[in-house]
Amino acid sequence: MVPMDNKLDIKPISNCKFYKKRPLIFAGPCSAETEEQVMETARQLAATGKVDIFRAGIWKPRTRPDSFEGVGIEGLHWLKQVKEEYNLPVAVEVATEKHVYEALKHGIDVLWVGARTTVNPFAIQEIADTLRGVDVTVFVKNPVNPELELWIGAIERIYKAGIKNLGAIHRGFSSYEKTALRNQPKWQIPIDLRQRIPDIPMICDPSHMGGHRKFILDLAQKSMDLNYDGLMIESHIDPDNALSDKKQQLKPEELSDLLDKIILREPDSHDASFLNTLEELRAQIDMYDEQLFDILESRMLIAETIGKYKKENKITILQSARWKEIVEKAIAKGHERGLGPEFITTILEAIHQESISHQMKVMNQK
Ligand code: PEP
Ligand code: MN
């Protein structure tokens, strides 16, 4: 049973004062670089009429030294100007007490905690303590490693400081293996987070997830199909010359076109005929699940019989040649039925493990 952390009275996205309609859009450069770059990016983004919150990194946590580490406090003045000239709320990343203090002093509307900070409970607690008694909206990015408890722990610490307008940003998880996407989405983790904290606003950051602009549309669409509340997308007037994350940033006009391409589907429908059809189809799914369980049960009973038989004949449980043959045949059969080899292997391995435990139980019975 998954515990429900429903003691957290986190407000749904409809309570966020910057939310007009789904999806809530955060956009802006990875980093604030110059006053002109910030103001021009904001001007073009504001002109699209599609952006709800302007984002820019002022303090940049870089993996390696000697990378651009942000302009610091000076950038906060530019963001204040964005707010005044374009009537856009502004957001920055904070990682220390000083960042929070300076951001609030300069009237920043939304703070977000970056992936590298969410992993560190000391840093999160320091941020939470600085936020005590302040009315500001805070978003917590997922930690760099795929650990749900760490993400929830960071959200809880900030919640306990009295911040109710709190949300999560899913930017994916890093791995040592080089993969097409910069960070692995592992969509099940944010889905589980929403099981645990049902109302928490969930934003997808396809820019950091993809690491390249060519992936942004598909990832954004997928997040919308999973009923996320919003998107955070990096946008720069001249991405090729950006001082950070150049490959993944979009020009404001590209961002605007991309947003037009996203198809928004409703999470629910009240249309009776749609609901009836859906119910019938779901009944069929339930029936097949029932059959799957019956088959799995029968299969385990056979495994136990085999266990008994092997025991009488003093044979070990695992015969690797037999296992290899099963997997190869199954992959070929799966292919004929449109089932991918990874899926077949995962499911067979799980069945095999369960089967071995059933055989063990029988073989080790006194
Ligand atoms: C960012 O938003 O620019 C950033 C540094 O993101 P992340 O914390 O997801 O790496
Ligand atoms: Mn970035």
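The values are calculated or read from the model by the stated rules, or taken from the named source; none is laboratory data. Everything quoted here is computed from the prediction, not taken from an experiment. Cβ placement follows ideal geometry from the backbone for every residue including glycine, while neighbour counts extend to all protein chains displayed. With ligands, DNA and RNA removed, areas are computed over all heavy atoms of the protein, side chains included. Shrake-Rupley method; radii C 1.70, N 1.55, O 1.52, S 1.80 Å.
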Per the C-alpha gyration tensor (a ≥ b ≥ c, the square roots of its eigenvalues), the range 276-329 is rounded if a/c is under 1.5, else prolate if a/b beats b/c, else oblate; here it's oblate
With bins 5 Å wide starting at 0, give me the P(r) of the range 280-366 over every alpha carbon pair, in whole percents.
3, 13, 17, 20, 20, 13, 8, 4, 2, 1, 0
Whether the range 13-261 is rounded, prolate or oblate, judged on the alpha carbon gyration tensor where a/c under 1.5 counts as rounded
rounded
Running a GNM on the chain with Cα contacts under 10 Å, which residue among Thr316, Thr118, Thr130 ends up with the highest mean-square fluctuation?
Thr316
Ranked from the most accessible area to the least, with a 1.4 Å probe and all protein chains present, what is the order of Val134, Val92?
Val134, Val92
Note, ³J(HN,Hα) from phi for the range 149-154, Karplus 6.51, -1.76, 1.60, rounded to Hz, x at Gly and Pro
4, 5, 5, 5, x, 5
If you wrap a convex hull around the Cα atoms of the range 228-338, how much volume per residue is inside, in Å³?
259
Taking 0.36 nm per residue of separation between Tyr176 and Thr277 and subtracting their Cα-Cα distance, the length gained on full extension comes to 31.9 nm
Any chance you could give the angle, 0 to 90 degrees and rounded to 10, that helix 216-225 forms with the longest Cα principal axis of the chain?
70
Net charge near Lys80 (other residues with Cβ under 13 Å of its Cβ; Lys, Arg +1; Asp, Glu -1) is -4
Counting DSSP beta bridges in the chain, what percent are antiparallel, to the nearest 5?
5
Quick check: at a probe of 1.4 Å, how many percent of the accessible area of the chain sits on carbon and sulfur atoms?
53
Tilt of helix 73-86 relative to the longest C-alpha principal axis of the chain, in degrees (0 to 90, nearest 10)?
80
Most fluctuating residue of Glu149, Glu325, Glu84 in a GNM of the chain with Cα springs under 10 Å: which is it?
Glu325
Residue-count net charge about Asp271 - beta-carbon cut-off 14 Å; Lys, Arg +1, Asp, Glu -1:
-2
Determine the relative contact order of the range 272-364: mean sequence separation of Cα pairs under 8 Å and six or more apart, normalised by residue count, in whole percent.
41
Taking only Cα atoms of the range 198-266, what ratio of Rg to Rh do you get with Rh as the Kirkwood inverse-distance radius?
0.99
Unit charges on C-beta of K, R, D, E only; dipole of the chain, Debye
1060
Can you list the lysines whose alpha carbon is less than 19 Å from that of Lys333, not counting same-chain residues fewer than 8 positions off?
Lys324
Can you tell me the accessible area per residue over the range 272-364, all protein chains present, probe 1.4 angstrom, in square angstrom?
80
With 27 Å as the limit, write out which pairs from Lys80/Lys251; Lys50/Lys178; Lys7/Lys80; Lys60/Lys251; Lys11/Lys141; Lys11/Lys178 have Cα-Cα distances beyond it, or answer none.
Lys50/Lys178; Lys7/Lys80; Lys11/Lys178
Per the helix-only model, the chain has a calculated mean residue ellipticity at 222 nm (DSSP H runs of ≥4, -39500 (n - 2.57) each, divided over all residues, rounded to the nearest 500) of -16000 deg cm²/dmol
Selection from Ala350, Gln37, Gln195 lying farthest towards where the dipole of the chain points positive, charges on Cβ
Ala350
Give me the distance between the Cα centres of the range 244-288 and the range 191-209, rounded to whole Å.
15
Please report the accessible area of His106 (heavy atoms, 1.4 Å probe, ligands and nucleic acids excluded) in Å², nearest 10.
20
Here the range 121-133 yields Karplus 3J(HN,Hα) values (6.51, -1.76, 1.60; θ = phi - 60°; whole Hz; Gly and Pro given as x) of x, 5, 5, 5, 5, 4, 5, 4, 4, 6, 8, 3, x
List Trp323, Trp59, ordered by accessible area with a 1.4 Å probe, largest first:
Trp323, Trp59
Using a 1.4 angstrom probe on the protein heavy atoms only, line up Arg196, Arg64, Arg282, Arg213 by accessible area, largest first.
Arg64, Arg282, Arg213, Arg196
